[in-house]
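For reference, the structure discussed in these notes is given below.
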Amino acid sequence: MSWHPQYRSSKFRHVYGKAASKDKCYDCVPITLSVHDNHFCAVNPSFIAVVTECVGGGAFLVIPIKQTGKLDPHYPKVCGHKGNVLDIKWNPFNDFVIASCSEDATVKIWDIPNHLLKRNITTPKKELLGHARRVGLIEWHPTADNILFSSGYDYKIMIWNLDVKDTVISKPVKILDGHKDVILSMSFNTDGSLLATSCRDRKIRVIDPRAGIVLQEGSYKSHRANKVLFLGNMKKLFSTGTSWWNNRQIALWDQNDLSVPLLEEDLDGSSGLLFPVYDSDTHMLYVVGKGDGNIRYYEISPEKPYLNYLMEYRSHLPQKGIGMMPKRGLDVAACEIFRFYKLIPTKSLIEPISMIVPRRSESYQEDIYPLTAAAQPALTAQQWLNGINKGPLLVSLKPGSGAVNSPLQFLDPEAFAKATDLSQQEGEGGRMSLEDEQELREIRDGRKKRLKTDETFPTNEQMCLSNGFDIFECPPPKTENELLHMYFRQQEEIRRLRALINQRDVQIKQLELRNLSVDRGNY
């Protein structure tokens, strides 16, 4: 019997974790002493938010992402809660809006100014009152604007529509009350049409949040799930928890059949929680241990063995919580595919950990950066509540490229008129100059390419829409930040067009000089 080694070809086989240098860390940060099992940290390309200690209530810090080094002990806080803050999450479509939940049974929405904080923020933009007991988890909808989910110790999940003018909202649009115990985690699929939850009653549930129906429910005797995660569009769930013998354990499930896990594996005998983090762009899964310094990472495949172990980042400094940078905030020049922000309470330190693909070339590596979710909503709150599903809008991480709006390029009306005039001149027997011939040839070539695009587009239409970005829509900016993004994108486009015009001018001058030399030769 011959033995065949199981070699796998993968672009991410040699990914390694790199801790930031001391000057790139955030030092002297008073990290919370709470024993609640949450990340306690939220990150976006503009800010890092960390739950901290505060006398007489709950608070969190919001630090500009570039303000590394030692933190001023009197740095202002966001401190409007009357109880300890248990969870914080940035709005995925607005870098200046953050939600927080607390032991005081409220959820608050905060506006963060785009300048350095000079005094404590105590007045929220909106306050959500509905839970009877403390609120432990909050999650923003991944594609719909201003839809927020919250779960409390009253065993209820509440769906909030923030597209209202009221500053105090006491009635959620929907209450999901199908749980019999405390909800430990919530996770959305890619388009936000399904919600997966893990509960203290040891059951994993897949719920249709708008209908309020539990589609799948299951538990397994040898696996006590603590955190559960949707694996993008792979129709699978991943859970972390403990085994019969209290070993830390991971399990993989088919979202349509939760009776038996597809895969079950014991990791170690440590007692800390495991936080799962999935990157749907690279299909990499990270398992972060609470109370230790390890980050294991795997690659997910649709066929067996499903879970392929890659490597483990190890550190002697234990982490209490973790923050994840969205893809649009990564350093693509350094081939960084993910970045964690590790909370180290023993040293009052936040340490960035970059996951890097080793490449020699310094150019943009398109194969490891597929199109990723943009910072623009695909749906309004009301559209989602009305039953419309849509995946996230996609954006390229290539420097200088904006959001992907439409692959179609229609011919300019002016260029079309010019081409018609030139073709009429040609038909009337009028002698055309070399410049006109060149211009006509370029316009015709452009028209042929665009016609080809139009012909091939219908076959790709379904693919584009199923991936979630609508090629015909570009939502107008709603906030100052989005307006600035749009402005800079337009400036880049203007620069590109100017460079193209200059290039055309040079070509025209070269053709004119060539015409003069030909005419002199004839004489």
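All of the numbers you see were taken from the coordinates with simple rules; none came from a lab. Here the structure is a predicted model, which means the values were calculated and not measured. All Cβ positions, even for glycine, are placed from backbone atoms using ideal geometry, and neighbour counts span all protein chains on display.
Summarising the amide proton neighbourhood of Ile98: residues at separation of 5 or more, or on other chains, whose placed amide H is nearer than 5 Å comprise Asn91, Trp110, Ile112. Scanning residues 5 or more positions from Leu397 or on other chains, those with amide H under 5 Å from its amide H are Thr372, with H placed 1.01 Å from N in the peptide plane. Modelled spin-label separation between Lys174 and Arg200, with each label point placed 7 Å from Cα along the Cα-to-Cβ direction: 2.6 nm.
Charge tally for Ser193 (other residues, Cβ to Cβ under 13 Å; Lys, Arg +1; Asp, Glu -1): +1. Between His316 and Lys82, the FRET efficiency estimated from the beta carbon spacing at R0 = 41 angstrom works out to 0.60. Backbone phi angles across the range 483-489, fed through the Karplus curve with coefficients 6.51, -1.76 and 1.60 (θ = phi - 60°), yield HN-Hα couplings of 5, 5, 4, 5, 4, 5, 5 Hz in residue order; Gly and Pro are listed as x. Between Asp257 and Arg119, the modelled labels are 6.3 nm apart [label points 7 Å from Cα along Cα→Cβ]. Other residues with beta-carbon under 9 Å from the beta-carbon of Ile350 carry, at +1 per Lys or Arg and -1 per Asp or Glu, a net charge of -1. Measuring against 20 Å, Cα to Cα, the residue pairs Lys227/Lys347; Lys156/Lys203; Lys203/Lys304; Lys70/Lys327; Lys11/Lys66; Lys66/Lys342 contain Lys227/Lys347; Lys203/Lys304; Lys70/Lys327; Lys11/Lys66 as the ones spanning a longer distance.
Quick check: from the Cα gyration tensor, does the range 224-300 come out rounded (a/c under 1.5), prolate or oblate? Cα axes put the range 224-300 in the oblate bin. Distances between placed amide hydrogens fall under 5 Å for Gly136 paired with Ser151, Gly152, Tyr153, all partners being 5 or more residues away or on another chain. Rounded to 0.05, the FRET efficiency of the Tyr364 and Ser219 pair, given R0 = 51 Å and the Cβ-Cβ distance, is 0.65.
Spin-label pair Tyr16-Asp519: with each label point 7 Å from Cα along the Cα-Cβ axis, the two points sit 6.6 nm from one another. Each listed q (0.16, 0.21 Å⁻¹) maps to a log10 I(q)/I(0) for the range 17-111, found by the Debye formula over equal Cα scatterers with no solvent: -0.66, -1.10. Shown here for the range 208-265: trypsin sites (Lys or Arg not before Pro) in loop regions (DSSP other than H, G, I, E, B) with at most 15 other Cβ atoms within 10 Å, namely Lys221, Lys235. Coupling constants for the range 303-315 follow from the phi torsions by the Karplus curve (6.51 cos²θ - 1.76 cosθ + 1.60, θ = phi - 60°), and in residue order they are 10, 4, x, 6, 10, 10, 5, 9, 6, 9, 8, 10, 8 Hz; glycine and proline get x. With 32 Å as the limit, the listed pairs Lys24/Lys77; Lys22/Lys89; Lys126/Lys398; Lys82/Lys165 have Lys126/Lys398 beyond it between alpha carbons. Between Gln507 and Met486, the FRET efficiency estimated from the beta carbon spacing at R0 = 30 angstrom works out to 0.40.
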